[in-house]
Amino acid sequence: MAKVIRNRSIVDDTRQTVRLAEGETPEGVALPTGPLLVPLAVWQARADELAARGDVGVWLAAGEGAEAIAAELPRLAAVGVHFPAFTDGRGYSTAALLRTRYGYTGELRAIGDVLRDQFQAYVRCGFDTLQPPEGRYSDEQLQAALASLGDISTPYQGAVDEPRPLWLRAQRGVAA
C-alpha cells in the first residue's frame, strides 16, 4: 500500500486518487469503493451522488483555482492540489487561499510531482497530507524527510502556518 505523510506522520494511504483515462467521461467513470479523491470535472458532474458517500474529496489540476470549489468545501472530505511538475508553484497559492480566504480546515493534500526538498514549503502553505508519487521514496527516505520537516525552526517569511514575518515577530518580542 502506498504511504503518505499526514499531520507529520507516515501512514498508509487509504484514499484512492481517481484519474480520467483518455476518452473517459466524468459521468461514466467507474468509481471504486472506499475513500476517493476525484477530479473537479467528476465532482461537477456527480456532486450529489459523491457527497452522499461522505468519503470523497476533489483534486484540482494546476489551472483550476480554489474558487472553483469554494462553495462545495463543506461537503468535501478532502481537497487535493495537483503539482504537474516541481517547477509549477501554482498549487502553493491554491493551498494558501483554501486555508486563509476560504477557511478550509479539512484534509489538504499535495499530489503529483511532490518532492522531498519541497515538503517544508507544502506544510507552510497549509498542506497537511503529502502524497509523493508511489514508489518514489522508500520507507527510510520518507522517515528522513519527515524528520527534516523540523530543520527550519524559525522561518523568516510569513506563511499560512505563521503569517507574521520574522522581523514583525521580533519587533513584538515573540522571536528570540
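The values are calculated or read from the model by the stated rules, or taken from the named source; none is laboratory data. Since the structure is predicted, the reported quantities are computational estimates derived from the model, not experimental observations. Because the Cβ atoms are built from the backbone with ideal geometry, glycine has one as well, and the counts that use them run over all protein chains shown. For accessibility, only protein heavy atoms count, side chains too; no ligands or nucleic acids. Shrake-Rupley method; radii C 1.70, N 1.55, O 1.52, S 1.80 Å.
By the combined test of axial Cα extent (at least 15 Å) and Kyte-Doolittle hydropathy (mean at least 0.0), the qualifying DSSP H helices of the chain come to 40-53.
On a per residue basis, the stretch 41-159 carries 46 Å² of accessible surface, using protein heavy atoms and a 1.4 Å probe.
For the chain, which longest stretch is free of loop sites, where a loop site is one of the chymotrypsin sites (Phe, Trp or Tyr not before Pro) that DSSP puts outside H, G, I, E and B and that has at most 16 other Cβ atoms within 10 Å? In short, 1-85. When both the stretch 70-147 and the stretch 1-39 are represented by their alpha-carbon centers, they are found 14 Å apart. Size of the stretch 1-81: Rg and Dmax of its alpha carbons, in Å, are 12.8, 38.
In debye, nearest 20, what is the charge dipole magnitude of the stretch 1-70 about its Cα centre with +1 on Lys and Arg Cβ and -1 on Asp and Glu Cβ, if you could check? Please report the intermediate quantities before stating the final value.
Details: 7 positive and 10 negative charges, 81 e Å.
In total the dipole reaches around 380 debye.
With all protein chains in place and a 1.4 Å probe, the accessible surface of the chain carries 51 percent carbon and sulfur. Only the Cβ atoms of Lys and Arg (+1) and of Asp and Glu (-1) were treated as charged; on that basis the dipole of the stretch 1-120 about its Cα centre amounts to roughly 480 debye.
Using the Cβ-Cβ distance between Glu67 and Thr25 with R0 set to 30 Å, the FRET efficiency works out to roughly 0.80. Taking a Cβ cut-off of under 13 Å around Ala78, the surrounding Lys, Arg, Asp and Glu residues balance to a net charge of 0, with basic ones at +1 and acidic ones at -1. Sorted largest first, the spans of the alpha carbon positions of the stretch 34-123 along the three principal axes are 38, 25, 21 Å. Rounded to whole Å, the principal axis extents of the Cα atoms in the stretch 84-123 read 26, 16, 15, largest first.
Computed over all pairs of different Cα atoms, the Kirkwood value for the hydrodynamic radius of the chain is 17.1 Å. The sum of -39500 (n - 2.57) across all DSSP H runs of n ≥ 4, divided by the residue count of the chain, sets its helix-only mean residue ellipticity at 222 nm to -7500 deg cm²/dmol. Among beta bridges identified by DSSP and lying wholly in the chain, the antiparallel ones come to about 25 percent.
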